[in-house]
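In what follows, a single structure is set out as structure tokens and then discussed.
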Amino acid sequence: MRRTRITTITHELTLIQSVSPDQSLSSGQPLPQSWCDLCQSLTTWLTPEQAAAATGLSPRQIYRAVETGELHFAELADRSLRICVASLSAPDDRLLPSPPSPPSKDDDAGA
């Protein structure tokens, strides 16, 4: 019996460029800004996919954080979701993984 093995290799590149609110995305659309009631400030809004790319999280993790109230969000008239950028970078942000802790001196002593 003859077998054929097919291997598919894919690569994904996510480019995140910092832009000011008066600049536009590559599509030419201005960055959406409006008032966030929870932040009490004017903020930029991202799609869940953009928020995931900006934080390094998966879109599912972003949706989960919305469901648990960890992220500020708005639902537009077309029922699409937007995430408040300020809530992504909040000082008490529990979403982003913690940096690894340095090894303790006890770990070095046993080596």
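Values as computed for the structure displayed
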{"read-out": "Selected residue (only one of ILE62, ILE83 is modelled with pLDDT of 90 or more, of a type in the set (Val, Ile, Thr) and under 18 Å from SER41 (Cβ atoms))", "value": "ILE83"}
{"read-out": "Filter pass, SER18 being part of a loop (DSSP other than H, G, I, E, B), closer than 21 Å to SER89 by Cα and modelled with pLDDT under 90", "value": "yes"}
{"read-out": "Matching residues in segment 47-57 - criterion: being within 14 Å of GLU75 (Cβ to Cβ) and touching a strand residue (DSSP E or B) at 6+ places or on another chain (Cβ under 6 Å)", "value": "PRO48"}
{"read-out": "Residue in segment 43-89 that is surrounded by the fewest Cβ atoms within 10 Å (Cβ to Cβ), counting only those that are part of a loop (DSSP other than H, G, I, E, B) and touching a residue at least 24 places away in the same chain (Cβ under 8 Å)", "value": "SER80"}
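The values are calculated or read from the model by the stated rules, or taken from the named source; none is laboratory data. These figures come from a predicted structure and were not determined experimentally. Backbone-built Cβ (ideal geometry, glycine too); neighbour counts: all protein chains shown.
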